[in-house]
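K.L.:
Below is one structure. I have some questions about it.
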Amino acid sequence: MTDAPPGGPDGLVRGPDGLDRPAWAATDELLRSYYDTEWGLPVTDERGVFERLSLEAFQSGLSWATILRKRPAFRAAFAGFDPDTVAAFDEADVARLLADAGIIRNRAKIEATIANAGATVRLRDDGGLADLVWSYQPERTPVPTVPEEVPTTSAESVALAEELRRRGYRFVGPTTMFALMEAIGLVDTHLVGSHRRGCSGLWRTDGSRA
């Protein structure tokens, strides 16, 4: 995700605070804070899931550090990721967003976010976005001891991507959806030796549901 020390044989780096983190979260203060306080904790509200789905889509092809640095600008540009407001964006809003240097000015991703907001509003009649996404929580989570054991997709992320596309969502491929699942706690891919392993409270040490 960013320039970082290679870490030890298990891919972890011990920080000055004595805590072990993966190399990607070990040096950049913003990434370290995100890793320590947010990544992997359960997000179960509609707006929270919609925001993270949107940011994961914008991240495609870019570093997560870039997205985190721009997140305040994204929130301002997309009305705090309120689905109702974003769903009503028109061509004038698209032009405004394309002129906003604070965000990623990619027309396809901008238009996808607006379309996804509309899909989120429509999905309320069938349980809502958060419930749909969380229905794909697997029975087991990975138990990676080294970075190479962390998967980038799963059967559940493939199925979730297919269902979201069927519901009218864009930029929701299996890899992007697996990243979303990691971010909001559906799976725990913290390395076993990391101080954040198990932080969601949803998984036992053997990878089964708590």
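The values are calculated or read from the model by the stated rules, or taken from the named source; none is laboratory data. Keep in mind that what you see is a predicted model, and the values were worked out from it rather than measured. Glycine also receives a Cβ, built like all others from the backbone with ideal geometry; neighbour counts cover every protein chain displayed.
K.L.:
How many residues, within region 31-44, are among the hydroxyl-bearing types (Ser, Thr, Tyr) and surrounded by 15 or more Cβ atoms within 10 Å (Cβ to Cβ)?
P.N.:
2
K.L.:
Here is a further query. Just a yes or no: is a residue in region 6-25 under 20 Å from the mean Cα position of the chain (by Cα), surrounded by 20 or more Cβ atoms within 10 Å (Cβ to Cβ) and in a helix (DSSP H, G or I)?
P.N.:
yes
K.L.:
Here is a list: Ala79, Ala108. Which entry is farther than 22 Å from Phe178 by Cα and more than 18 Å from the chain's Cα centre (by Cα)?
P.N.:
On inspection, the qualifying residue turns out to be Ala79.
K.L.:
Does Asp20 count as of a type in the set (D, E, K, R) and within 22 Å of Pro147 (Cα to Cα)?
P.N.:
Considered against the rule, which asks whether it is of a type in the set (D, E, K, R) and within 22 Å of Pro147 (Cα to Cα), Asp20 comes out as yes.
K.L.:
Specify the residue that is nearest to the chain's Cα centre (by Cα); the eligible residues are those in region 170-210 that are within 16 Å of Gln59 (Cα to Cα) and in a loop (DSSP other than H, G, I, E, B).
P.N.:
That would be Ile184.
K.L.:
At positive phi and surrounded by fewer than 20 Cβ atoms within 10 Å (Cβ to Cβ) - does that describe any residue in region 153-172?
P.N.:
Yes: region 153-172 contains one or more residues that are at positive phi and surrounded by fewer than 20 Cβ atoms within 10 Å (Cβ to Cβ).
K.L.:
Any residue at all in region 42-55 that's under 17 Å from His190 (Cα atoms) and modelled with pLDDT of 95 or more?
P.N.:
yes
K.L.:
Give region 45-62 a look and list any residue that's surrounded by fewer than 15 Cβ atoms within 10 Å (Cβ to Cβ) and over 18 Å from Ala161 (Cα atoms), or say none.
P.N.:
Asp45, Leu62
K.L.:
Which residues, counting only those in region 136-167, are assigned to a helix (DSSP H, G or I) and of a type in the set (D, E, K, R)?
P.N.:
Answer for region 136-167, where residues must be assigned to a helix (DSSP H, G or I) and of a type in the set (D, E, K, R): Glu148, Glu149, Glu156, Glu162, Glu163, Arg165, Arg166.
K.L.:
Would you check which residues across region 132-148 are without any contact (Cβ under 8 Å) to a residue 40 or more places away in the chain and buried (at least 16 other Cβ atoms within 10 Å of the Cβ) and list them?
P.N.:
The one that is without any contact (Cβ under 8 Å) to a residue 40 or more places away in the chain and buried (at least 16 other Cβ atoms within 10 Å of the Cβ): Leu132.
K.L.:
Quick one: in region 194-210, of everything that is in contact with a strand residue (DSSP E or B) (Cβ under 9 Å, 6 or more places away or on another chain), among the small types (Gly, Ala, Ser) and in contact (Cβ under 8 Å) with a residue 60 or more places away in the chain, which residue is surrounded by the fewest Cβ atoms within 10 Å (Cβ to Cβ)?
P.N.:
Restricting to residues being in contact with a strand residue (DSSP E or B) (Cβ under 9 Å, 6 or more places away or on another chain), among the small types (Gly, Ala, Ser) and in contact (Cβ under 8 Å) with a residue 60 or more places away in the chain, the top hit is Ser208.
K.L.:
Let me ask you something else. With the requirement that a residue be touching a residue at least 60 places away in the same chain (Cβ under 8 Å) and in a loop (DSSP other than H, G, I, E, B), what does region 109-131 give you?
P.N.:
Of everything in region 109-131, just one residue is touching a residue at least 60 places away in the same chain (Cβ under 8 Å) and in a loop (DSSP other than H, G, I, E, B), namely Gly128.
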